[in-house]
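Please read the structure below before turning to the comments.
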Amino acid sequence: MNLLQARHRLNGRSAETMERYVLECEKLTPHEYFAPPDDVDLARAVSTVNGATVTWRSPIQTKFPRNNIARAEFFPSAPPRTAPTVIMLHALMSAANIGYRRWATRFNELGWNACFVHLPYHYSRVPSGYWNGELAITADLVRNAEGLRQGVMEVRQLIAALRKHGCSQFGILGTSYGAWIGALLASVESDLRFLALMAPIVNVEHAIWRNPATAMMRRELRRAKIAPELVARHFHLSSPSHTEPWCDPARILFVLGEFDLVAPPVDIEAIHQKWRGSELLRVPQGHFGYRMMRDTVARLKERGL
């Protein structure tokens, strides 16, 4: 992460750009910030989907054309129209979707449709010349925030389109960066059957200023004179630990790695306490691994999904 961060330098206008962005956003509520427009083309595409990939124009347009096309892969069960749907949100710089495809098959066996979403700057959305996910988290905090916003809005568009065609129940299975987006989604979506958030980034202050994986980011921010106080003015929109869930907290399962340095257990324990009624599952590992996914799905099955 730090090696890739070294490729992304800020400029003399970065502090001014950040100040302007924060000023525009600090008066917004999460419901206003993450409000998605209706997408007629997406609704039409979803109506004909059958084990296919669906693409649509992202509600957030960036300077990278490839990132502006949202994409989701569908793995339907039978009958797909009335079955609940689990939406899988992958980790930062996720290497391959093979594992998610296998878990999609497991959910199909349980009677669930599965949907694997390509999050901003990942998979089909990687601009030429960059690594998978490289642009999602850099010292450009405005781009980071807009990427998160883009991810939340696109998932909301997808849920709305599926609802129009008969799907009424949804679960969120998020990992790390995807779980961060899932936690933000919890602040604006009220009708979700479950949210399983594995090693989520919930404390953005720690993620920026104390995380060992963001040392180069901190150096750039300090060089550009972007102060922690300025960044904190956006936390009510970007940091889950500074928000409240809109859905029933009892539907939320937080999963922490006991030796995690990226998403520290103390931060996930704190949001679990704040979001009173949520459940906490501990796994003896670091940031993320196959055991965490296995244990999470096993717990969801025990809960009746």
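Some notes on this structure:
- Note on surface exposure: Val266, Val142 rank Val266, Val142 by accessible area, highest first, 1.4 Å probe.
- Only Cα pairs under 8 Å and 6+ residues apart enter the sum, and on that basis the relative contact order of region 194-276 stands at 46 percent.
- Contact order relative to length of region 1-114, as percent, for alpha carbon pairs under 8 angstrom and 6 or more apart: 19
- Translational diffusion of region 107-195, estimated by Stokes-Einstein from the Kirkwood radius over alpha carbon pairs at 10 °C in a medium of 1.306 mPa s, is 112 µm² per second.
- Trp246-Leu280 FRET efficiency (beta carbon distance; Förster radius 25 Å; 0.05 resolution): 0.80
- Global size of the chain: 18.3, 56 Å for Rg and Dmax (C-alpha atoms, Rg to one decimal, Dmax whole).
- Counting only protein heavy atoms and a probe of 1.4 Å, the accessible surface of the chain is 54% carbon and sulfur.
- Label-point gap, in nm, between Ala96 and Glu302 - each point 7 angstrom along Cα→Cβ: 3.1
- Probe 1.4 Å - accessible area at Glu16, Å² to nearest ten: 120
- Inter-site label distance for Glu205 and Arg20 at 7 Å from Cα along Cβ, in nm: 2.9
- For the chain, the 222 nm mean residue ellipticity estimated from helices alone, with every DSSP H stretch of n ≥ 4 adding -39500 (n - 2.57) and the total spread over all residues, rounds to -11500 deg cm²/dmol.
- Heavy atoms of Phe235: accessible area, 1.4 Å probe, square angstrom to 10: 10
- Heavy-atom surface of the chain, accessible at 1.4 Å and reported per residue (Å²): 43
- Charge context of Ala91, other residues only, Cβ under 14 angstrom, K/R +1, D/E -1: -2
- Three semi-axes describe the equivalent ellipsoid of region 169-212; taken as square roots of 5 times the Cα gyration tensor eigenvalues and ordered largest first, they are 23, 10, 5 Å.
- Rounded accessible area of Asp41 (nearest 10 Å², 1.4 Å probe): 100
- Here the 3J(HN,Hα) profile of region 284-289, calculated from phi with Karplus coefficients 6.51, -1.76 and 1.60 at θ = phi - 60°, is x, 7, x, 4, 7, x Hz, Gly and Pro shown as x.
- Note: region 13-165, Cα convex hull, 114 Å³ per residue.
- Added length on full extension, which subtracts the Cα-Cα distance from 0.36 nm per residue, Arg81 to Thr105: 6.9 nm
The values are calculated or read from the model by the stated rules, or taken from the named source; none is laboratory data. Please read all numbers here as calculations on a predicted model, not as lab measurements. Using ideal geometry, Cβ is built from the backbone for each residue, glycine included, and neighbour counts are taken over all protein chains shown. The protein model used for the area step is the full one, side chains on, heavy atoms only, and it has no ligands, DNA or RNA in it. Shrake-Rupley method; radii C 1.70, N 1.55, O 1.52, S 1.80 Å.
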